[in-house]
Amino acid sequence: MRRTHHRRLFAATLFVMSVLAPVTAAPAATVHAQTVRATTVRAAVADRSHRDDCPSDGLDPALTARLDQAIADVRRQAGIPGVVVGFWQPGKGCYVRATGVADTTTGAPMTTDSFFRIGSETKTFTVTALLELVDEHRIGLDDPISDYVDGVPCGRRITLRQLAEMRSGLFPYTLDADFQHDLLSDPTRYFTPQEALAYGYRHQNTFGPGERFQYSNSNLVLLGLVVEKVTGRPLAEVLRERVLRPAHLRHTLLPHGPEFPQPHPRGYTDQTLSGATEDATDWNPSWAWAAGAMISDLHDLRHWAEVVATGRLLSPETQAQRLMTLPTGFPGTSYGLGIFETNGWIGHNGSIPGYETVTVYLPEQQATLVIEINTDSSSQGQEPSTLLARAITAIVTPDHVYDGSASTK
């Protein structure tokens, strides 16, 4: 067992299990849930034609050539099978490219209309739903988690704000050795939020509430449960009705299990029991739920970058609280309420076995950057999406080079 892989996979932020069992064999409630999930996937696939993600004349040809070369160099050096990149800036133009392969076996090319698992970018959606409830005075950021969820270690002292800031001190369930073994032994397994959290509850909290930053998916799973408790509805429905629809994101969803709209690339990971690279496309992401299970595409992520960074769905006061970022211990990166800032760029990255993404917005220049790749295997000790973001921003926004992430898988 290669524990270096497990630490990288689970210290920071997975489809083979059938979701459409024969109707005659399933209870009515199960059939209804399966129908809802199938309908959600079909809705995400619909109406995707005639979209132009680069409607202007594009960037200066010299700049475009430099980007082409930089992306090719990083892709080769980091061993990234396929890359989708989108960059948009008013007055400068846009750059949208898909390079490399979506399937290393067939050689099928990567395409810009692909769906991707977006990992921890899910956190920006979950926290947005939470903050909408703050705006409606249905919850308070300084409420203790014990008001909403029972059994949380030190729950009377840990606030919703500290959970969103990654400053709760709760032991990350993804660091538990039994969780790592159980998931990697059967990556098609379905985990409930409570089952996932229970692995972390076996351990003492790592520090007192609010004392420092530690990235932990336990925090966001709990916030997902808070949203469900307060609204009385499943998180996927809340996100669809209260976040995705108002933001006009028609190709983004929180899956129940392994469902994955087409087209999507195959995803490759070396975070396995043996350490060998495997195809993780159909792994079940339920373990990540409110912290990292969502799916989206380039078109939606482009628009979400600006929505979440500018607070379009929130009051100015609540957005200001969201953007009060604090040091993470990672040079150049600070973290707010489910969002980070790195050298002026605001947003989040995501990593889940087989896939990585970056979705960030630079308010000073009204620039947007989206990166999607079909591997999460580290290179030079760093996430490959970070290497790409750094290389790209060094060319298009040299005064605001993306400086990394808060180990945000």
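The values are calculated or read from the model by the stated rules, or taken from the named source; none is laboratory data. Since this is a predicted model, take the numbers as computed values, not measurements. All Cβ positions, even for glycine, are placed from backbone atoms using ideal geometry, and neighbour counts span all protein chains on display.
Cβ-Cβ distances below 6 Å connect the following pairs, each with a first residue in the stretch 141-160 that is closer than 18 Å to Arg212 by Cβ and among the charged types (D, E, K, R), a second residue that is at pLDDT 95 or above and in a loop (DSSP other than H, G, I, E, B), and a separation of six or more residues or different chains: Arg157/Pro209.
Given the criteria surrounded by fewer than 23 Cβ atoms within 10 Å (Cβ to Cβ), modelled with pLDDT of 95 or more, under 17 Å from Val134 (Cα atoms) and not small (Gly, Ala, Ser), does Val226 qualify? Please lay out each step first, then the result.
Values: surrounded by fewer than 23 Cβ atoms within 10 Å (Cβ to Cβ): no; modelled with pLDDT of 95 or more: yes; under 17 Å from Val134 (Cα atoms): yes; not small (Gly, Ala, Ser): yes.
Judged against the criteria, Val226 is not a match.
Of all residues in the stretch 186-212, those being crowded, with 20+ Cβ neighbours inside 10 Å, hydrophobic (A, V, I, L, M, F, W, C) and within 19 Å of Arg157 (Cα to Cα) number 1.
Contact map, the stretch 90-103: residues that are hydrophobic (A, V, I, L, M, F, W, C) paired with residues that are surrounded by fewer than 19 Cβ atoms within 10 Å (Cβ to Cβ) and in a strand (DSSP E or B), Cβ distance under 8 Å, separation 6+ or inter-chain. Pairs shown: Ala98/Pro109; Val101/Pro109; Ala102/Pro109. Among the residues making up the stretch 340-354, those that are farther than 13 Å from Thr122 by Cα and in contact with a Lys or Arg (Cβ under 9 Å, 6 or more places away or on another chain) are Pro353, Gly354.
Do we find that Thr174 is crowded, with 16+ Cβ neighbours inside 10 Å, closer than 20 Å to Pro353 by Cβ and polar (S, T, N, Q) in this structure?
Numbers: crowded, with 16+ Cβ neighbours inside 10 Å: yes; closer than 20 Å to Pro353 by Cβ: yes; polar (S, T, N, Q): yes.
Yes: the conditions hold for Thr174.
Within the stretch 273-298, restricting attention to residues that are in contact with a helix residue (DSSP H, G or I) (Cβ under 6 Å, 6 or more places away or on another chain) and either in a loop (DSSP other than H, G, I, E, B) or at pLDDT below 95 (or both), the residue that is farthest from Val360 (Cα to Cα) is Leu273.
For beta carbons closer than 7 Å, sequence separation of 6+ or different chains, a first residue in the stretch 65-87 that is at positive phi and a second that is at pLDDT 95 or above, the qualifying pairs are Gly79/Ser377. Hey, any hits in the stretch 153-161 for a residue that's crowded, with 19+ Cβ neighbours inside 10 Å, on the phi < 0 side of the Ramachandran plot, part of a helix (DSSP H, G or I) and of a type in the set (S, T, N, Q)? The answer is no; no qualifying residue exists. Only one entry in Asp182, Asp150, Asp178 is farther than 19 Å from Gln319 by Cβ, assigned to a loop (DSSP other than H, G, I, E, B) and of a type in the set (Asp, Glu), namely Asp150.
The condition (being within 19 Å of the chain's Cα centre (by Cα), closer than 15 Å to Val230 by Cβ and either crowded, with 21+ Cβ neighbours inside 10 Å or at pLDDT 95 or above (or both)) is satisfied by just one residue among Val127, Val134, Val149: Val127.
Determine whether Val84 is within 21 Å of the chain's Cα centre (by Cα), among the hydrophobic types (A, V, I, L, M, F, W, C), under 30 Å from Arg240 (Cα atoms) and modelled with pLDDT of 60 or more. Quick ask: steps written out before the conclusion?
On the way: within 21 Å of the chain's Cα centre (by Cα): yes; among the hydrophobic types (A, V, I, L, M, F, W, C): yes; under 30 Å from Arg240 (Cα atoms): yes; modelled with pLDDT of 60 or more: yes.
For Val84, the condition - within 21 Å of the chain's Cα centre (by Cα), among the hydrophobic types (A, V, I, L, M, F, W, C), under 30 Å from Arg240 (Cα atoms) and modelled with pLDDT of 60 or more - is met.
If you go through the stretch 352-403 and keep only what is part of a strand (DSSP E or B), touching a Pro at 6+ places or on another chain (Cβ under 9 Å) and of a type outside the set (A, V, I, L, M), you end up with Tyr355, Glu356, Glu372, Thr375.
This table checks each residue for (1) surrounded by 17 or more Cβ atoms within 10 Å (Cβ to Cβ); (2) closer than 17 Å to Gly354 by Cα; (3) modelled with pLDDT of 95 or more; (4) under 22 Å from the mean Cα position of the chain (by Cα).
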site: Leu67; (1), (2), (3), (4): yes, no, yes, no
site: Asp73; (1), (2), (3), (4): no, no, yes, no
site: Trp88; (1), (2), (3), (4): yes, no, yes, yes
site: Arg117; (1), (2), (3), (4): yes, yes, yes, yes
site: Lys123; (1), (2), (3), (4): yes, no, yes, yes
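Might you check whether a residue that is in a helix (DSSP H, G or I), out of contact with any Asp or Glu (no Cβ under 9 Å at 6 or more places or on another chain) and modelled with pLDDT of 95 or more occurs anywhere in the stretch 241-260? Break it down stepwise before answering.
Kept after step one, since they are in a helix (DSSP H, G or I), are these residues of the stretch 241-260: 241-244.
Restricting the remaining residues to those that are out of contact with any Asp or Glu (no Cβ under 9 Å at 6 or more places or on another chain) gives 241.
Next, only the ones that are modelled with pLDDT of 95 or more stay: 241.
Checked against the condition, which is being in a helix (DSSP H, G or I), out of contact with any Asp or Glu (no Cβ under 9 Å at 6 or more places or on another chain) and modelled with pLDDT of 95 or more, the stretch 241-260 yields at least one hit.
Residues of the stretch 376-399 that are among the charged types (D, E, K, R) and closer than 14 Å to Ile80 by Cα: Asp376, Glu383.
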